[in-house]
Amino acid sequence: TQLLEQSPQFLSIQEGENLTVYCNSSSVFSSLQWYRQEPGEGPVLLVTVVTGGEVKKLKRLTFQFGDARKDSSLHITAAQPGDTGLYLCAGAKGYSTLTFGKGTMLLVSP
Amino acid sequence: NAGVTQTPKFQVLKTGQSMTLQCAQDMNHNSMYWYRQDPGMGLRLIYYSASEGTTDKGEVPNGYNVSRLNKREFSLRLESAAPSQTSVYFCASDLGGREYFGPGTRLTVT
């Protein structure tokens, strides 16, 4: 059973376009994290959202946690080639280990 | 401050051979983790250690063993490698729910 479904699986866009990727679940999480992984490297944490309805901004990236704490979205404004990478969401339930989605592979072409 | 380090970066094994993947962190974190990452499967937890002296199975522990040697080091051993264990292996440590990943070990079993 895949607890966290990420969509789309793959996204190829031109520099300057906007995009949104999604992370959905039927389960409630106490917090949700977004990571970015570049080729040949380990994932790096971008943000943690904790409160239902919470919105966090990191420069051109906007993260939202759903009101029911079952889903999240990541919106990128004016994408740049440096945004290319695998975006992973991960949910936490209390003190248990993280559950990762399969990721969205983003390719931004100049 | 090197963060999380892993050795080796690459390894090729023949079926039935054994090897140990090494991981160390210099951030004084209590929790450490081993994941494997396969195309289309996301990150799957193999084993974790919540503190020095304890280890627990994750989602896919079969064929692996671990040792939490001290607070800094957490090793992953393959006793008899199989082609199904071809993957990229990531070690991570955790502070307050935020995971820090190493650069990964790319293992091929022929």
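Things worth noting here:
- Look at the stretch B:97-103: the mean tally of other chain Cβ atoms within 10 Å of its residues' Cβ atoms is 6.
- Beta bridges per DSSP with both ends in chain A, % antiparallel, nearest 5: 90 percent
- Note on the protein assembly as shown: with charges restricted to the Cβ of Lys and Arg (+1) and Asp and Glu (-1), its dipole about the Cα centre is near 240 debye.
- Ranking B:21, B:11, B:89 by how far each Cα lies toward the positive end of the dipole of chain B (charges on Cβ) leaves B:11 at the top.
- Placing +1 on the Cβ of every Lys and Arg and -1 on the Cβ of every Asp and Glu, with no other charges, gives the stretch B:1-70 a dipole of roughly 240 debye about its Cα centre.
- With each label modelled as a point 7 angstrom along the Cα→C-beta vector, the residue B:86-residue A:51 pair spans 4.9 nm.
- Each Lys and Arg contributes +1 and each Asp and Glu -1, all at the Cβ; summed about the Cα centre of the stretch A:1-75, the dipole is approximately 240 debye.
- Dipole-positive endmost among A:50, A:9, A:40 within chain A (Cβ charges, Cα centre): A:50
- The stretch B:40-73 and the stretch A:1-50 have Cα centres lying 24 Å from one another.
None of the figures in this text is laboratory data; all of them are computed from the coordinates on show. These figures come from a predicted structure and were not determined experimentally. Glycine gets a Cβ as well: all are built from the backbone with ideal geometry, and neighbour counts include every protein chain shown.
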